[in-house]
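S.K.: Sending over a structure as structure tokens; questions will come in a sec.
Every number in this text was worked out from the coordinates using simple rules, so none of it is lab data. Please read these numbers as outputs of a predicted model, since none were measured by experiment. Cβ coordinates were reconstructed from backbone atoms using ideal geometry, including for glycine residues, and neighbour counts include every protein chain displayed.
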Amino acid sequence: MTQTTIWAVAAGLGLGLGLVLMLRSLPVTNRPSFEERVAPMLRSSAAGGVDLFAEPRSLVSLSVAQRIFGPVLREALKQLDRFSIDAEQLRRRLDQADAGISVSEYRIQQLGCAAGGALLAAGTNAVAFFSGSFYGLLALISILVLTVLGFALRDNLLSAQVRRRQSRMLSEFPTIAEMIALAVSAGESAPGAFERVSRVSRGELNSELRKVLAQVRSGTSFTQALKQMSARVQSPPISRFLEGIIVAMERGTPLADVMHAQAQDVRDLGKRELMETAGRKELSMLVPVVFGILPLTVIFALFPGLALLSIGP
């Protein structure tokens, strides 16, 4: 391929993309649907936030380029949901990570990572082309592989964010549970104890307590808010603690006794986790001893004898 052919292909692709965007922006092909016309009149009575993936106005909070390419992005997101995990499951994972973004914005970030991988592969192949070592099949495979890896990279980052946040919440949990138990023993109700602890604590678990209090102020019952917190956190120790509070409130059990029992369970859990961590560290400490110090000791013990044998008659 000559340089003139390359520029002709690039110009043709640019012209085709421009024509597609012009056709998509025509009033005939861009008529608002019935849902889009009715949504502004019903938005004020909707409970909670509006799902950005379901409504076109979700892209208003994004950049200007995303608003321009909004129809293309929405169509790509719809096709993407056919081959990925369920949107509800993804929303739960975003809540667990406290990412602060919607499903639609996460999908756009996934597309951006995939496009970044494809551009990286295309740039590498362009360098190979101009250097004379270009292979068409290898270029196609590299573009596909880097696109898939870029798409999977965002999912791996989200999983790592979820694990880090759960680890931080578990490290904060014993102290928070003890503070809530002490507040209840001092005469506070369960919502009052949550509010008092949320004012004096910091961290990831504190943000969950604030979400519970915000839901209670907006009209949600306290037990329902605790159930929603348990579903968001997805941590067995925290879920057991919240379930104990819910059962005590529903059955009329003395809340202070239940909270102290739950706090004791949390302390025992912390001790067990500390012992398990110590056991893992003990095994890891044996690695330099077995593979480093012990072979060196054996060499020091055997070397004099081997030296004497080598210089003997």
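S.K.: Aspartates and glutamates near K227 by alpha-carbon distance under 16 Å, same-chain residues fewer than 8 away left out - which ones?
M.R.: By straight Cα distance, K227 reaches D95, E208, E243, E250.
S.K.: Please arrange L137, L274 by how many other C-beta atoms lie within 10 Å of their C-beta, fewest to most.
M.R.: With the fewest neighbours first, L137, L274 line up as L137, L274.
S.K.: On to the next question. Using a 7 Å offset from the Cα along the Cα-to-Cβ direction at both V20 and V38, what is the distance between the two label points in nm, to one decimal?
M.R.: 3.3 nm
S.K.: With each label point set 7 Å from Cα along the Cα-Cβ vector, what nm distance links L157 and L119?
M.R.: 1.4 nm
S.K.: Rounded if a/c is under 1.5, else prolate if a/b beats b/c, else oblate: with a ≥ b ≥ c from the C-alpha gyration tensor eigenvalues square-rooted, which is the range 128-286?
M.R.: Taking the square roots of the gyration eigenvalues as a ≥ b ≥ c, the range 128-286 is prolate.
S.K.: So if we plug the beta-carbon distance of L309 and L144 into 1/(1 + (r/R0)^6) with R0 = 51 Å, what FRET efficiency do we get, rounded to 0.05?
M.R.: 0.25
S.K.: Separate question: Given a Förster radius of 22 Å and the C-beta distance between D265 and A186 as r, what FRET efficiency does 1/(1 + (r/R0)^6) yield to the nearest 0.05?
M.R.: Efficiency, rounded to the nearest 0.05: 0.60.
S.K.: Next question, about the same structure. With a sphere of radius 13 Å drawn around the Cβ of S230, what net charge do the other residues whose Cβ falls strictly inside it have (Lys, Arg +1; Asp, Glu -1)?
M.R.: Net of charged neighbours comes to +2.
S.K.: Taking 0.36 nm per residue of sequence separation and subtracting the Cα-Cα distance, how much length would be gained by fully extending the chain between A8 and E282, in nm to one decimal?
M.R.: So the chain would gain 92.0 nm between A8 and E282.
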